[in-house]
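Derivation of every value follows stated rules applied to the coordinates shown; laboratory data play no part. Quantities reported herein were computed from a predicted structural model and do not represent experimental measurements. As a convention, Cβ positions derive from the backbone with ideal geometry for all residues, glycine included, and neighbour counts pool all protein chains shown.
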Amino acid sequence: MYDLEKLSKKQLLVLLLSLALYFCFPGLFDTVSLAAKTTAAEAKNIDYLAEYESIQYGTSDGLLSAELNAITQTSDGYIWVGSYSGLYRYDGVRFEKTSLDDRISSVTALFADSLGRLWIGTNDNGLCCYRTDTGSVTFFTPEDGLASYSIRSLCEDSDGTIYVGTVTFLSTIDRENNVVTHSEWEDITSVRSLSTTDGDMVAGVTNGGTLFFIQNATLVESRQYDVDGIYYAAVCFLGTNTFVVGTSGNILVKITFDGTSFHSISSITTGKVSYFSDFLYDTATNGYFFCAENGLGYVSKLNKVTYLMQDTFENSVSDAIKDYQGNIWFVSNKQGLMEYSRNPFINIFAKAELTSSVVNSLMVLDNRIYVGMDSGLVVINKSTFEPYHYDYLSYF
């Protein structure tokens, strides 16, 4: 019970508001959390922080190590995770270490191609191609023409050719398993990031910070970032001849191709988050996710940045995928794996960018949501989720 004589003016006002809302709108208290259901019409304006919930996976879920390098999903629905301790497969319940081949012991890159094959890049045993339909395994090494035993990045062009970034030169493998190493591209070595368009172009970034573009097996252009001390670190195709390129700093640059040359069209900064390692283009929203050395997040098509870091998942984020159910998966070299899955409710506090607090009462009136809390009263626009800043709110 409350001792009314000991309540401050602010606490008394909150209590009176709570009682009034309770007796006038008792059904509102059936909802324990401050949330609202989403609709299909909102699909293009997804707020991944407010509408998704995070689940972290680690050693208790079958992973022998929290040091993960790569993640992908094959057409049979399985999710695969690569680490220095080996290759893992997720069946929807647990991760299980696989034993496809004894040479798959230190996985640095993963890629699922258009034929449903799983490409597995290792740190010291070359590249493995695993056919999920037959279970067959094929290895590619320098003996087969590959540039190196150590793989760093993978992608596929529109012809089905696999591009392989190694610690030395860039190699390609066509549908007939013919291997070509492009030593003629002397400056294109130690490729750490690769991305392909929906046409015949491939973009990549080297460890030395060189951004390059290849079209029809021809090196079209290469460039360095034009700010001292900052260099290119990762690249991703965003559709319509546009790429996003992450730097070693906190700068993301959009580049477009006009048919003959590339041009920087815009850039944004990401606060304290820097040194980008990978991107994931989200075709559902035309935005993209980013992985970085000290964070992760999402950039909308309007360049609004939403940070997705959690207290236990915020460092050395190395790769990301969106699975067939629409869940977003991130892996970290230090902190395991994080899944963001769609929640049937919206976290309105996150939408309104308000600090979470204990909710005592709710009322919806004239497209406004009134929220009575221990810390006071807030009013939020029901349509836009923007908080109102009425002068009278200071009394609560």
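Structure data summary
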read-out: Global geometry of region 211-307, whether rounded, prolate or oblate, following the gyration tensor of its Cα atoms and the 1.5 cut on a/c; value: oblate
read-out: Angle in degrees between helix 9-24 and the longest Cα principal axis of the chain, rounded to the nearest 10; value: 90
read-out: Computed over region 317-396: relative contact order in percent, which uses C-alpha pairs under 8 Å that are six or more apart; value: 16
read-out: Qualifying GluC sites (Glu not before Pro) for region 135-209 [loop in DSSP, other Cβ within 10 Å: at most 16]; value: GLU176, GLU184, GLU186
read-out: At R0 = 45 Å, FRET efficiency that the Cβ-Cβ distance of THR138 and LYS301 yields, to 0.05; value: 0.65
read-out: Residue of VAL227, VAL205, VAL371 that the Gaussian network model of the chain assigns the largest fluctuation, springs spanning Cα pairs under 10 Å; value: VAL227
read-out: By average C-beta atoms within 10 angstrom, highest first, the peptides 127-133, 320-326, 386-392; value: 127-133, 320-326, 386-392
read-out: Shape call, region 257-385: gyration tensor on alpha carbons, a/c limit 1.5; value: prolate
read-out: Amide H contacts of MET309 (H built 1.01 Å from N, under 5 Å, at least 5 apart or other chain); value: LEU296
read-out: Fully extended contour minus Cα-Cα distance, from ARG131 to ARG368, at 0.36 nm per residue; value: 79.8 nm
read-out: Residue-averaged 222 nm ellipticity for the chain, from DSSP H runs of 4+ at -39500 (n - 2.57), nearest 500; value: -1500 deg cm²/dmol
